[in-house]
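What follows is calculated from the coordinates using simple rules that are stated; it is not laboratory data. Everything numeric in this text was worked out from a predicted model, so none of it was measured. When we count neighbours, we look across all protein chains shown, and the Cβ atoms used for this are built from the backbone with ideal geometry, even at glycine.
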Amino acid sequence: MAESLSVPPPWYGRTREALRAYRLVAGMWLRASLAYRTSFWITTVGNAVTSLLDFVVIAVMFQHTTTLGGWTLPQVAFLYGTSGLTLGLADLLVGSLDQLGQRVRDGSVDTVLVRPAAALAQLSADRFALRRAGRVVQNLLVLGWSLWELQLDWTGPKLLVMAVLVVCGTVIFGSAFVAGAAFQFFATDAAEVQNSVTYGGATMLQYPPSVFARDLVRGAVYGIPLAFVNWLPALYLLGLPDPIGVPGWFRFASPLAALLCAAAAGLAWRAGIRSYRSTGS
């Protein structure tokens, strides 16, 4: 009886093997990118500077106003930093999936499926680009500045909500990448549909929900739950009134939203893999 209890469940072994495959493929591409260090650093810094221009635009807007939808510049910077940070982490980990449509068209998905490793892990790590970390660092700096200016009274619950925001926001965006990639099994030219949810959604979350139409905000809560990335947790962390009109416990429901998104993305991925019939060539 004791021996049977010590045997790990089947999902544990599959998860461990998938993570190992991801680590090996990502490590291979990482070594390849670091072979040209000058090019790597130029690209990384360029990505950081380019993404910083988005925040420069927001800062210029505040040269003509003190608030935007009732939010000050440090408060909007908090939204900008958390939105970009979570998207950047998801893009770093699974962003390569947005090229799946091209791989379906040229038949290279076949080479992934015949290997004894999880296809999702291989395709997520394919062409792993550490240079995308430039976006992550830049958003961390903006987030750090906003927290310095806000001088929040950090309590245990607030620290927990902040940590959960980063983890769950990354999971929600990562799930959007996976679900969008799964859709490309059925519509191979649908990469822009995925980008409209991931990059477009992150851009929307950089601004306060009070500046958008109420129906759009409701869609980000009850439809594609992007509001749980940072809008709703920010209301609690920053002590702001709710312009959305949702139950108060929604501010703490990011883990539930992330779990539902991950489950839906997993089902979509399985459906996409099962529907794949190669190119016939």
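Of the residues 41, 145, 154, which exhibits the maximal mean-square fluctuation in a Gaussian network model of the chain defined by a 10 Å Cα contact cut-off?
Ranking 41, 145, 154 by mean-square fluctuation puts 154 first.
Which one, 160, 186, 203, projects farthest toward the positive side of the charge dipole computed for segment 147-218 from Cβ point charges (K/R +1, D/E -1)?
Value computed over the given set: 160.
Cut-off 10 angstrom, C-alpha nodes, Gaussian network model of the chain. Which of 204, 162, 61 fluctuates the most?
Of 204, 162, 61, the most mobile in the Gaussian network model is 61.
Where the only charges are on Cβ atoms (+1 Lys, Arg; -1 Asp, Glu), what is the dipole of segment 2-275 about its Cα centre, to the nearest 20 debye?
Here segment 2-275 has a charge dipole of around 600 debye.
Give a quick list of trypsin sites (Lys or Arg not before Pro) in segment 42-150 that DSSP marks as loop, anything other than H, G, I, E or B, with at most 15 other Cβ atoms within 10 Å. Display every interim value, and only then the final one.
Values: sites: 103, 105, 127, 131, 132, 135; in loops: 127.
Here the trypsin sites (Lys or Arg not before Pro) that fit, given the DSSP loop and packing criteria, are 127.
Which one, 66, 28, 99, projects farthest toward the positive side of the charge dipole computed for the chain from Cβ point charges (K/R +1, D/E -1)?
28
Where does the chain land at 222 nm, in deg cm²/dmol rounded to the nearest 500, when only DSSP H runs of n ≥ 4 count, each adding -39500 (n - 2.57), divided by all residues? Write down the numbers at each step before the final one.
On the way: 13 runs with 192 residues, N = 281.
Computed mean residue ellipticity for the chain: -22500 deg cm²/dmol.
Roughly how tilted is helix 156-183, in degrees to the nearest 10 and between 0 and 90, from the longest Cα axis of the chain?
So the helix axis and the longest Cα principal axis differ by about 50 degrees.
What Kirkwood radius, in Å to one decimal, follows from the Cα pairs of segment 48-103?
On the way: mean 1/r = 0.0762 Å⁻¹.
One over the average 1/r among Cα pairs gives 13.1 Å for segment 48-103.
Just checking my list [x] 18.2; [y] 18.8; [z] 20.3 against Kirkwood radius over Cα pairs in Å computed from this structure; which label fits?
Structure-derived value, by its label: [z].
Defining a contact as two alpha carbons under 8 Å apart and six or more residues distant in sequence, what relative contact order in percent does the chain show? Before the final figure, lay out the partial values.
Details: 346 pairs, mean separation 73.4, N = 281.
Taking the mean separation of contacting Cα pairs over the length of the chain, I get 26 percent.
Cα centroids of segment 13-50 and segment 204-281: how far apart, whole angstrom?
About 28 Å separates the Cα centre of segment 13-50 from the one of segment 204-281.
Quick one: among 106, 98, 153, which has the greatest mean-square fluctuation in a GNM of the chain with alpha-carbon springs under 10 angstrom?
Its mean-square fluctuation being the largest, the pick is 153.
From the square roots a ≥ b ≥ c of the eigenvalues of the alpha-carbon gyration tensor of segment 16-93, which class results: rounded (a/c under 1.5), prolate (a/b over b/c), or oblate? Numbers along the way, then the final one.
Values: a/c = 6.73, a/b = 2.02, b/c = 3.33.
Oblate, because a/c is 1.5 or more while a/b does not exceed b/c.
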